[in-house]
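The values are calculated or read from the model by the stated rules, or taken from the named source; none is laboratory data. Keep in mind it's a predicted model, so treat the numbers as computed, not measured. Glycine also receives a Cβ, built like all others from the backbone with ideal geometry; neighbour counts cover every protein chain displayed.
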Amino acid sequence: MIRAAVVATVAALALATQPALAASTAVSTNWSGYAVSGTTYKSLSGTWVQPTANCTSTSAATSSSAFWIGLGGNSTTSNALEQTGTEVDCLANGTVRYSAWYELLPAGSVKVALKIHAGDRISASVKVNGTAVTVSLKNATTGKSFTKTLRMAAPDITSAEWIAEAPSTLTPGGTAVLPLTDFGTVSFKSAKATSTAGHIGTISDSAWTATKIQLESESSNRGPGGPYGPYTADATTGATATPSNLTKDGSAFAVTWNQAPAL
């Protein structure tokens, strides 16, 4: 599955030594969550509980939602993104499919042989050392895990992200954002990043800047394209995904799915 390209927007500083300040907000058509930038990063980590899909909330025949952490992809000049996470798909035959994957853009995503179920507790990390990228996923509920080290020519280490996403797919007309599966609410916790200088901090750490990303479909935004990818063309299946404010220590937040108002 191809995920849509992303570009950067303005980010605001959130101080880790105080209650987490509100990061500046960017509008995206496929991302919801938080990104940090302002330095270079060698790793990040986070946890979440795999949400349960509600496949009756949209009229779309199929829909998809992905939950991941990653490095890179958050600038206008980026050609790479190193990420790993889980996914839930509502299929046309009524089947709900949960899965795990990793992706080193510009290459496509790769499914991982790690069984995922609704309610499973997931932990993930991405580490970059030169051209080596190590992606790790653990299903703490089943005790099973996956780790793989791969090589890529030029990893992007200029940003770190914790994201709920509407994945994209290739169509005869180009890349299209899929309708977002109703996942209710997903909570990201234990979110930390490590800079290449060795500094470890949460999303709101004063060593970098944080951006709060709101996912809005074309039907809810009704304006020109947002900074994080192309708008979905189907207004009848539009959805929004809204991140909460960060917790006091800046290490946790939730993302909530909502049906977009019809035009």
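A quick yes/no check of all residues on (1) surrounded by fewer than 21 Cβ atoms within 10 Å (Cβ to Cβ); (2) among the hydrophobic types (A, V, I, L, M, F, W, C); (3) at pLDDT below 95; (4) more than 24 Å from residue 202 (Cβ to Cβ):
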residue	(1), (2), (3), (4)
97	yes, no, no, yes
104	no, yes, no, yes
112	yes, yes, no, yes
124	no, yes, no, no
127	yes, no, no, no
133	no, yes, no, no
136	yes, no, no, no
139	yes, no, no, no
147	yes, no, no, no
Exercise. With respect to residue 234, is the statement that it is at pLDDT below 90, surrounded by fewer than 24 Cβ atoms within 10 Å (Cβ to Cβ), more than 22 Å from residue 51 (Cβ to Cβ) and among the acidic types (Asp, Glu) true?
Worked result: yes
For this session: Report, by residue number, each residue of the stretch 59-77 that is under 14 Å from residue 167 (Cβ atoms) and in a loop (DSSP other than H, G, I, E, B).
Result: 60, 62, 73
Exercise. Scanning the stretch 181-206 for residues that are assigned to a loop (DSSP other than H, G, I, E, B) and in contact with an Asp or Glu (Cβ under 9 Å, 6 or more places away or on another chain), which turns out nearest to residue 89 (Cα to Cα)?
Worked result: 181
For this session: Sort out which residues of the stretch 111-136 are within 23 Å of residue 158 (Cβ to Cβ) and either in contact with an Asp or Glu (Cβ under 8 Å, 6 or more places away or on another chain) or outside any loop (DSSP other than H, G, I, E, B) (or both), and write them in order of number.
Result: 124, 125, 126, 127, 128, 129, 132, 133, 134, 135, 136
Exercise. If you go through the stretch 71-95, how many residues are more than 18 Å from the chain's Cα centre (by Cα) and surrounded by fewer than 23 Cβ atoms within 10 Å (Cβ to Cβ)?
Worked result: 6
For this session: Please verify whether the stretch 24-43 includes one or more residues that are hydrophobic (A, V, I, L, M, F, W, C), part of a loop (DSSP other than H, G, I, E, B) and modelled with pLDDT under 95.
Result: no
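Can residue 57 be described as more than 17 Å from the chain's Cα centre (by Cα), at pLDDT 75 or above and buried (at least 18 other Cβ atoms within 10 Å of the Cβ)? Steps first, please.
Working: more than 17 Å from the chain's Cα centre (by Cα): yes; at pLDDT 75 or above: yes; buried (at least 18 other Cβ atoms within 10 Å of the Cβ): yes.
Here the answer is yes, as residue 57 does meet what is asked.
Please find, among 142, 175, 171, the residue that is without any contact (Cβ under 8 Å) to a residue 12 or more places away in the chain and of a type in the set (Ser, Thr, Tyr).
Numbers: 142 fails: without any contact (Cβ under 8 Å) to a residue 12 or more places away in the chain; 175 fails: without any contact (Cβ under 8 Å) to a residue 12 or more places away in the chain.
Result: 171 is the single residue among 142, 175, 171 that is without any contact (Cβ under 8 Å) to a residue 12 or more places away in the chain and of a type in the set (Ser, Thr, Tyr).
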Exercise. So which residues in the stretch 78-96 are free of Cβ contacts under 8 Å to residues at least 60 places away in the same chain, among the polar types (S, T, N, Q) and not in a strand (DSSP E or B), if there are any at all?
Worked result: 93, 95
Exercise. What number of residues within the stretch 174-210 are at pLDDT 95 or above, surrounded by 15 or more Cβ atoms within 10 Å (Cβ to Cβ) and hydrophobic (A, V, I, L, M, F, W, C)?
Worked result: 9
Exercise. Picking from 88, 49, 27, 36, which residue would you name as being touching a strand residue (DSSP E or B) at 6+ places or on another chain (Cβ under 7 Å), aliphatic (A, V, I, L, M) and farther than 27 Å from residue 140 by Cβ?
Worked result: 27
